[in-house]
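Enquirer: Here's a structure for you.
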């Protein structure tokens, strides 16, 4: 089955609204093993919308439209689709009651124009909207399936999960199971080279998805039952994990920080953070995880040299000689915050996320991890421009978390093994 997505709304064409609907639907289609070949945005114009629907039905088995189902004059999606496909409509009294109840719960008056949202094609499968007023529907004609969903993401996303997915699963006799192998520390092109012909496998399939500093290898298999599909996936996942080794931080892992907090809890260890360029992002990511209170007590954001000295004990002579963005400063920050919190580990970041600073280039970051006996170091050259400040901060925080993960795994390969400052400057460049 091939699918196509049509997002309706002039605001999309003007760039006033980001098209998150298409992104969400696309991911769900991929999870079901349904190929999506086209994604189109069209304005609130009936003739152009009809033409877009006509073209989509000619080349795709499944057409999903989002937006334009509300009560106002520019909500023309339903009328355009019904006219183009020659569908008879009726007024659904049950939907009128549902809409009226929605307004009553909010102590608002239901105006007459809201009745238009209860007009539906005869014979359609109705998707109740428990998060708003405009219902959706699915309709099959001549082997083609067309789906209409409301545009607001807070309504569309739960309707996709609760209405669209069950509808689509009935169209396929097979069960599709997917698993993600979560990877950090190597890029997509290198992973593709390492995996070789694996990415050409047909059942299971393997696809790489690149995020900010991370890559997901999605393994998907079809079978008659979920258990059979899982059994097809497992050998492939094991093979990928064997090839990529410690760069895999989990399978179906929620996040890198979740993995780290889970490992800390299991080891009954604690961590503290001292951050400069990341501005508390490492601490924020850790404390966003349930259970982090058992492993984290202190985070220090030390932007100035004065605070690095007075709070973390960084030597002022070192700062004067090398600047705040340097390996020795990162080492002292990590050990200083570890001692301050009496924690098992101290993590520190110092670097240049914005414009060049102290004569150091944008993207230069030092990340240090102290265990009380050794201090491990990464020197990152992220090489981004000053307008990518948030990207640099995020990647630096991920490296900090990854260093702790590798330590807890007992792997010193990418940690530096207690290297000298001079060695650290050459150790790990990204």
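Enquirer: Ranked highest first by average number of other Cβ atoms within 10 Å, how do 290-301, 249-260 line up?
Expert: Highest mean packing first, the order is 249-260, 290-301.
Enquirer: Residues of the stretch 9-32 with the amide nitrogen closer than 19 Å to a label point 7 Å from the Cα of residue 209, along Cα-to-Cβ, please.
Expert: It comes to 19-32, nothing else.
Enquirer: Same structure, new question: Given the DSSP H assignment, sum -39500 (n - 2.57) over each helix run of at least 4 residues in the chain and divide by its residue total; what's the result at 222 nm in deg cm²/dmol, nearest 500? Intermediate values should be presented prior to the final figure.
Expert: Values: 16 runs with 166 residues, N = 430.
So the helix-based figure for the chain works out to -11500 deg cm²/dmol.
Enquirer: For the pair residue 20/residue 154, report the inter-label distance in nm, with labels modelled 7 Å from Cα in the Cβ direction.
Expert: Label at residue 20, label at residue 154, 1.1 nm between them.
Enquirer: Have a look at the DSSP beta bridges in the chain and tell me what percent are antiparallel, nearest 5.
Expert: 65
Enquirer: Calculate, for residue 93 and residue 73, the FRET efficiency according to 1/(1 + (r/R0)^6) with r their C-beta to C-beta distance and R0 22 Å; round to the nearest 0.05.
Expert: Efficiency computed from Cβ-Cβ geometry: 0.40.
Enquirer: Considering every Cα-Cα pair within the stretch 86-160, what fraction, in whole percent, is farther apart than 21 Å?
Expert: Roughly 28 percent, once rounded to a whole number.
Enquirer: Related question: Give me the angle, in degrees from 0 to 90, between the Cα long axis of helix 256-267 and the longest principal axis of the Cα atoms of the chain, rounded to the nearest 10.
Expert: Its long axis makes an angle of about 60 degrees.
Enquirer: For residue 47 and residue 186, calculate 0.36 nm times their separation in residues minus their Cα-Cα distance, and state this gained length in nm to one decimal.
Expert: Result: 45.2 nm gained on full extension.
Enquirer: To continue, here is another question. If I fit a long axis through the Cα atoms of helix 93-105 and take the longest principal axis of the Cα atoms of the chain, what angle between them do I get, 0 to 90°, rounded to 10?
Expert: Its long axis makes an angle of about 40 degrees.
Enquirer: How much length, in nm to one decimal, is gained on full extension between residue 409 and residue 306, taken as 0.36 nm per residue of separation minus their Cα-Cα distance?
Expert: Extra length from residue 409 to residue 306 when fully extended: 33.5 nm.
Enquirer: With 10 Å bins from zero, work out the P(r) of the chain over every alpha carbon pair and list the percent per bin.
Expert: 4, 18, 22, 18, 18, 13, 6, 1, 0
Enquirer: Dividing the convex hull volume of the alpha carbon atoms of the stretch 322-385 by its residue count, what do you get in Å³ per residue? Kindly include the intermediate steps, with their values, before the conclusion.
Expert: Details: hull volume 4.6 nm³, N = 64.
Roughly 71 Å³ of hull volume per residue.
Enquirer: For residue 119 and residue 224 in the same chain, what is the full-extension length gain: residue separation times 0.36 nm, less their Cα-Cα distance, in nm?
Expert: 34.0 nm
Enquirer: Here is a further query. Between the helical axis of 327-341 and the dominant principal axis of the chain, each derived from Cα atoms, what acute angle in degrees is found, rounded to the nearest 10?
Expert: Orientation of helix 327-341: about 80 degrees from the principal axis.
Enquirer: P(r) for the stretch 259-401: what percent of alpha-carbon pairs falls in each 10 Å bin, starting at zero?
Expert: Binned Cα distances yield the sequence 14, 46, 32, 8, 0.
Enquirer: Taking every pair of alpha-carbon atoms in the stretch 175-251, what share in percent sits in each 10 Å bin, from 0 to the bin with the longest distance?
Expert: P(r) for the stretch 175-251, in whole percents per bin: 21, 55, 22, 3.
Enquirer: Still on this structure, please answer the following. On average over all directions, what projected area in square nanometres does the stretch 57-193 have, based on the convex hull of its Cα atoms?
Expert: Values: hull surface 49.8 nm².
Averaged projected hull area, Cα only: 12.5 nm².
Enquirer: Before anything else, pin down the relative contact order of the chain: Cα pairs under 8 Å, at least 6 apart, normalised by residue count, whole percent.
Expert: 10
Just so you know, all these numbers are worked out from the coordinates, no wet-lab data involved. Model, not experiment: these values are computed from the prediction. Counting neighbours? That spans all protein chains shown, and the Cβs are built from the backbone with ideal geometry, glycine included.
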